[in-house]
Amino acid sequence: MTDPRRRLPSVDALLKTPAVVRLLETQPRNLVVAAVRDALAAARSGQASEPFDWDGEISERVASRAASSLSPVLNATGVVLHTNLGRAPLAAAALDAVVAIGRGYSNLELDVATGARGSRLDHCAAVLAEITGAETGFAVNNAAGALVLALNGLAAGREVVISRGELIEIGGSFRIPDILVKSGAELREVGTTNRTHLADYERALSDRTGAILVVHRSNFSMAGFVSSPPVAELGRLAAARGVPLIHDVGSGLLVDLADFGLQGEPLVPAATATADLVIFSGDKLLGGPQAGCIVGRRRWVAPLTRNPFARALRTDKLTLAALEATLALYRDRATALRDIPVLRMLTTDEATLRQRAERLAAGLPSGAADLQPGSSAVGGGSFPDAALPTTVVAVDPGPRGAAALALTLRLGTPAILTRVESGRVILDPRTLDPAEIDLVAGAVTAALRAE
């Protein structure tokens, strides 16, 4: 029996069909050829059924290839630092800085006063020191990289003392013990999972000790029979023994949010007062771009800037521009709370959220949704126990079901990510900009009427 795949047309034959010729008039030839080959490969593998609509299939594949793989998503989940959605949205000042630096040349590695080569590590140093209270600082491309750099630069080939209760997995298989091994440092565990005492650290210190490491348990909490020495006590111990205390505080909280019911995350300025080196993320509670910030005493920061890993992990000019602009907003607490999207979303009051939920529900077909009390989440491994009161819009998906409606919204333009609970599609206004409310209402309405 003849294999039907032998009857498939050639690439050249498809490129000569009228529909594909018209595509070639408006689209790059390489793009169209790639789409034709994709279509033929799908037919050969059995993914496409016969009779095969070549014109339609090729047109769809051209459109798919031409579209950017990275696209905006509207976040209606109520998870503020949603890792899958890129965590922190940038402040307007940060976006302006990115545009200003990205549109042309900059002094990224130029000392304009002397005309000599400069260092990109200098660009955020002053504002990092000013905002955190540290002597100096710089940024690399993420906090995991910052930790690798710190451990390699200060303790390669030597022991790093850490509590067993802090040998954690933060996410994406990022485990502290594995990072220690990759950095070239040796793990020296002390204490137990739930209790570690200052004496445990004292007994572990030796002439082979390169550093003491404290890691904030950012994505879970421990309660009950639990204890660990204050970081200030560890700082005094480290200073007495002449070794650095490295404190990985995680999320980069720069302003106290206790007034808004958010407690438990270490404040960076407080950490810099007790530790020699403090590491934190740029794209979590700080509200900036992905970056790993390293601040602390000049004695311990300086060697890291000369470490080869500093170049391997360096940030680009757009990240530095966005980070510096974001940090500058912290010079005034009220400005930071108002202008940094993450802080603004976390501190929005319940009355405002209910008004937004009412506006969203009013834009939907009559009887399609109702308002319910709910909880938003901080996300990003920050404030893991926090449940932020909100008002959600619970949409009745009709006979198609909640999962199908949620899929339709995700595949729409723009894509909208929601939650599904108890057979309803849940929309939380906390993570929607007020300007997005009507857009989401229109998209949900269209999806409901497309059954």
Simple Cβ-charge dipole of region 10-66, Lys/Arg +1 and Asp/Glu -1, about Cα centre, in debye nearest 20: 240 debye
How many angstrom separate the Cα center of region 265-317 from the Cα center of region 351-415? 36 Å
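Can you compute the charge dipole magnitude of the chain about its Cα centre, using +1 on each Lys and Arg Cβ and -1 on each Asp and Glu Cβ, nothing else charged? Give it in debye, rounded to the nearest 20.
Here the size comes out at about 1040 debye.
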What list of ³J(HN,Hα) couplings, whole Hz, do you get for region 117-124 from phi and the Karplus terms 6.51, -1.76, 1.60, once you set θ to phi - 60° and write x for glycine and proline? 5, x, 10, 5, 5, 7, 5, 9
May I ask for the angle, rounded to the nearest 10°, between helix 350-362 and the longest principal axis of the chain, with both axes built from Cα atoms and the value confined to 0 to 90°? 10 degrees
Angle check, please: helix 92-102 long axis (alpha carbons) against the longest principal axis of the chain (alpha carbons), in degrees 0 to 90, nearest 10. 80 degrees
Please work out the Kirkwood hydrodynamic radius for region 92-339, using every pair of different C-alpha atoms, and report it in angstroms with one decimal place. 18.6 Å
Partner lysines for Lys317 [C-alpha distance under 23 Å; skip if fewer than 8 residues away on the same chain]: Lys284
quick note, region 92-339, DSSP beta bridge pairs, % antiparallel (nearest 5) is 45 percent
Which is farthest toward the positive dipole end of the chain among Pro230, Cys124, Gln372, measuring Cα position about the Cα centre, with Cβ charges +1 (Lys, Arg) and -1 (Asp, Glu)? Cys124
Within the chain, what percent of beta bridges assigned by DSSP are antiparallel, to the nearest 5? 55 percent
Calculate how steeply helix 317-328 sits against the longest principal axis of the alpha-carbon atoms of the chain, using the helix alpha-carbon long axis, and give the answer as 0 to 90 degrees to the nearest 10. 60 degrees
To make sure I understand the rule: partners must be aspartates and glutamates, Cα under 19 Å from the Cα of Lys16, and not fewer than 8 residues away in the same chain. Which ones qualify? Glu25, Asp38, Asp53, Asp55, Glu57, Glu60
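Computed from the coordinates by the stated procedures, all read-outs in this text should not be read as laboratory data. Note that this is a predicted model, so its numbers are computed, not measured. Glycine gets a Cβ as well: all are built from the backbone with ideal geometry, and neighbour counts include every protein chain shown.
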